[in-house]
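Let me begin by presenting the structure, written as structure tokens, before commenting on it.
The values are calculated or read from the model by the stated rules, or taken from the named source; none is laboratory data. Bear in mind the structure is a predicted one, so any value in this text is a computation, not a measurement. Neighbour counts run over all protein chains shown; Cβ positions are idealised from the backbone, glycine included.
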Amino acid sequence: MITSSSNNRVKQVVQWQRSSRERQEAGVFLTEGFKMFEEVPAGSVKEVYLSQDAYSKLCTVTALREKLECTGWEIVSDEILRKMSDTQTPQGILLVAGQPHYTPEQLLDVPCPLLVILENIQDPGNLGTIIRTGEGAGVTGVIMSKQTVDLFNPKTIRATMGSVFRVPFFYAESLAEVMKKLHGKGIHTYAAHLEGKEYYDGYSYLEGTAFLIGNEGNGLSRETAELAERYVKIPMEGRVESLNAAVSASILMYEVYRQRRLMREIPKRTCSL
């Protein structure tokens, strides 16, 4: 059992918690909790730290015990786990996992893609929520500007609830270059923008589609917005001018899902007549 805060492994985990640069250089990220232990592919797990109570609980579930035997583990005292943790009330298990990586081709070379392009999103919770909701809506990839918050921030990872392992993503050096590639592949691009003249539900998204979502405070930059084929807006009542970035992205993604689901169901309905 690790009981000393001067332990080198403990010091390293604390550094990874605090520094995006350190995580990037090591190619790792940190996550906590039993659910995330279930979600992380065993081959991606590099280190597992457990409290004594958490170890006892894991050993009562056959599948989790078998996974733990594959990954290996280290027991640490409750005090040390609190020091290593990013949360105020640790759940008793902390994982160090390898960062997944994708190429642009993996996101673009799919049939009828649904992409979300994020410019300078700064809130870790917003980014994590977009990733998680994107999985539910059938998004095939998330593309982020270099100034977008670190996807491997512990708060972002927590907000994805495991979707980070299933939704492809990459950080683009240039969104302008990305947009050129999208248009070259016939993917239609829509900027969520207050200057939009048409509501988002006035378009068909049955072909390849990409939505551009901007920074929480400033929205999309003029330069990026002008790269899109069309501006779309979400109808508002009352005095609300705009919605949270994650909420806006969710509404748009699920409109695409709605339209495509209806098209898939038409043959079934026709056959039942």
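Looking only at region 86-108, residues that are in a helix (DSSP H, G or I) and in contact (Cβ under 8 Å) with a residue 24 or more places away in the chain come to 4 in all. For region 143-188, the tally of residues that are assigned to a helix (DSSP H, G or I), without any contact (Cβ under 8 Å) to a residue 40 or more places away in the chain, farther than 20 Å from Asn120 by Cβ and touching a helix residue (DSSP H, G or I) at 6+ places or on another chain (Cβ under 9 Å) stands at 1.
Hey, any hits in region 60-67 for a residue that's farther than 22 Å from Phe152 by Cα and in contact with a Phe, Trp or Tyr (Cβ under 8 Å, 6 or more places away or on another chain)? Checking region 60-67: at least one residue is farther than 22 Å from Phe152 by Cα and in contact with a Phe, Trp or Tyr (Cβ under 8 Å, 6 or more places away or on another chain). Pairs are defined by a Cβ separation below 6 Å, a sequence spacing of at least 6 or placement on different chains, a first member in region 109-125 that is in the same structural domain as Ser248 (by TED's automatic domain parsing), and a second member that is buried (at least 21 other Cβ atoms within 10 Å of the Cβ) and among the aromatic types (Phe, Trp, Tyr); the pairs so defined are Val116/Phe211.
Go through the residues of region 161-173 one by one and say whether even a single one is β-branched (Val, Ile, Thr) and farther than 23 Å from Ser44 by Cα. No; the residues of region 161-173 include none that is β-branched (Val, Ile, Thr) and farther than 23 Å from Ser44 by Cα. Residue count for region 32-85 satisfying the condition of being part of a loop (DSSP other than H, G, I, E, B) and out of contact with any Asp or Glu (no Cβ under 7 Å at 6 or more places or on another chain): 9. Reported count of residues in region 189-213, each being out of contact with any helix residue (DSSP H, G or I) (no Cβ under 7 Å at 6 or more places or on another chain), modelled with pLDDT of 95 or more and surrounded by 13 or more Cβ atoms within 10 Å (Cβ to Cβ), is 3.
If you go through region 216-240 one residue at a time, how many are β-branched (Val, Ile, Thr), over 20 Å from Tyr203 (Cα atoms) and either under 25 Å from the mean Cα position of the chain (by Cα) or not in a loop (DSSP other than H, G, I, E, B) (or both)? Break it down into steps so the answer makes sense when it comes.
Of all residues in region 216-240, those β-branched (Val, Ile, Thr) come to 224, 232, 234, 240.
If we keep only those that are over 20 Å from Tyr203 (Cα atoms) too, we end up with 224, 240.
Pick out the ones that are also either under 25 Å from the mean Cα position of the chain (by Cα) or not in a loop (DSSP other than H, G, I, E, B) (or both) and you get 224.
Number of matching residues: 1.
Of all residues in region 193-229, none satisfies the criterion of being closer than 21 Å to Asn120 by Cβ, in contact (Cβ under 8 Å) with a residue 12 or more places away in the chain and of a type in the set (Lys, Arg).
Can you tell me how many residues in region 171-185 are surrounded by 18 or more Cβ atoms within 10 Å (Cβ to Cβ) and within 30 Å of Arg18 (Cα to Cα)?
Just the residues of region 171-185 that are surrounded by 18 or more Cβ atoms within 10 Å (Cβ to Cβ), to begin with: 172, 175, 178-179, 182.
This time we only want the ones that are within 30 Å of Arg18 (Cα to Cα), so: 172, 175.
So the answer is 2.
Residues satisfying the criterion are present in region 41-53 (criterion: touching a strand residue (DSSP E or B) at 6+ places or on another chain (Cβ under 6 Å) and charged (D, E, K, R)). All conditions in (1) of a type in the set (Val, Ile, Thr); (2) under 18 Å from Thr224 (Cβ atoms); (3) touching a residue at least 60 places away in the same chain (Cβ under 8 Å) hold for Thr129, with the sole exception of (2).
What residue, of Gly138, Gly125, is at positive phi and surrounded by fewer than 22 Cβ atoms within 10 Å (Cβ to Cβ)?
Values: Gly125 fails: at positive phi.
Going through Gly138, Gly125 in turn, just one is at positive phi and surrounded by fewer than 22 Cβ atoms within 10 Å (Cβ to Cβ): Gly138.
The condition (being of a type in the set (Ser, Thr, Tyr), within 30 Å of Gly214 (Cα to Cα) and either in contact with a Cys (Cβ under 8 Å, 6 or more places away or on another chain) or not assigned by TED's automatic domain parsing to the domain that holds Lys185 (or both)) is satisfied by just one residue among Thr87, Thr71, Thr60: Thr87.
Please work out which residue is nearest to the chain's Cα centre (by Cα), limiting yourself to region 75-116 and to residues that are acidic (Asp, Glu) and farther than 22 Å from Ala172 by Cβ. Before you say what the answer is, go through the steps one by one.
So the first thing to find is which residues in region 75-116 are acidic (Asp, Glu), and the list is 78-79, 86, 105, 109.
Still in the list and also farther than 22 Å from Ala172 by Cβ: 78-79, 86.
Details: Asp78: 30, Glu79: 31, Asp86: 18 Å.
Of everything passing the filter in region 75-116, Asp86 is nearest to the chain's Cα centre (by Cα).
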